[in-house]
Amino acid sequence: MKKMICGLGLVTSLLMNAQTQIIAHRGFWKTQPETTENSLKALENTQKLKIYGSEFDVRMTKDGYLVINHDEHHGGMTIADTNFADLEKVKLSNGENFPTLKSYLEQGKKDPKVKLIVEIKPAATKALEDELVRKTIIAIKDLKLESQCEFISFSFNICKEIKKVDASFKVQYLNGDLSPEQIKKEGLDGIDYHYNIFKKNPTWLAEAKSLGLITNAWTVNDVKVFDELKKQGIGFVTTNTPDVFKDR
């Protein structure tokens, strides 16, 4: 009986570790030759890699267009203060056109198995954030991609607004300043924190799992960090090197 219990414990441990899923940070761009982060090519590379998902960043231009870009600037222009017609004149470093949310979602729809992890970037005011949320969800629903999309944000207001507009979407908070208990109380679905947050709060992963929350860590590029998080049973890891971790 003791051997059977030990065996079951080992199987449970292996299954728990095997559940760690990989998300490409801004797509799989760290390739040979390297392409551009948040590009359609980076998303296409992720789709070929056959991992859980591809994360990307949504911002809004001065005239209300939704575009994909991590930094608040593109070609030396502040996205929030510049019209799309001016921004699109500057191509990405790999020669692609400056991507819109629509073009990115259309590429994502080509492979329903790859989740689209939508990071909505904070804006200057609550009103702008709420507009950004509303327009993003409309774009997703227009393409019937609700089941393929999940949301993350550093803005607590954006996270709450997404759930307000459509509670069926999975929403994870990025900032790292709220405990799993607080996240659960606020009605969000998970924590997606920098891996150092979990080092500083060693009980949070176990607490989050016990509360039924999604657990994710960013941006994990070190094998030792990945292995330790996997050992603790983390659900997801977001990384610039998804090819390194996909079969680990």
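Conditions (1) within 23 Å of D111 (Cα to Cα); (2) crowded, with 21+ Cβ neighbours inside 10 Å; (3) at pLDDT 95 or above; (4) over 15 Å from the mean Cα position of the chain (by Cα), marked per residue:
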| site | (1), (2), (3), (4) |
| --- | --- |
| L143 | yes, no, yes, yes |
| Q148 | yes, no, yes, no |
| K164 | no, no, yes, yes |
| F169 | yes, no, yes, no |
| I183 | no, yes, yes, yes |
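Criterion applied to G75, G27 was being surrounded by fewer than 19 Cβ atoms within 10 Å (Cβ to Cβ) and either hydrophobic (A, V, I, L, M, F, W, C) or on the phi > 0 side of the Ramachandran plot (or both), and the one residue passing it is G75. Scan region 193-209 for residues that are loosely packed, with under 15 Cβ neighbours inside 10 Å and either in contact (Cβ under 8 Å) with a residue 24 or more places away in the chain or touching a Lys or Arg at 6+ places or on another chain (Cβ under 7 Å) (or both) and jot them down. The one that is loosely packed, with under 15 Cβ neighbours inside 10 Å and either in contact (Cβ under 8 Å) with a residue 24 or more places away in the chain or touching a Lys or Arg at 6+ places or on another chain (Cβ under 7 Å) (or both): A206. Only one entry in L87, L49, L40 is modelled with pLDDT of 95 or more and in contact with a strand residue (DSSP E or B) (Cβ under 6 Å, 6 or more places away or on another chain), namely L87.
Could you tell me whether I140 is more than 12 Å from L188 (Cβ to Cβ) and assigned to a helix (DSSP H, G or I)? Judged against the criteria, I140 is a match. Checked against the criterion of being of a type in the set (S, T, N, Q), on the phi < 0 side of the Ramachandran plot and out of contact with any strand residue (DSSP E or B) (no Cβ under 7 Å at 6 or more places or on another chain), the candidates T203, T215 yield just one match: T203.
The values are calculated or read from the model by the stated rules, or taken from the named source; none is laboratory data. On a predicted model such as this, the values are computed, not experimentally measured, just so you know. Glycine gets a Cβ as well: all are built from the backbone with ideal geometry, and neighbour counts include every protein chain shown.
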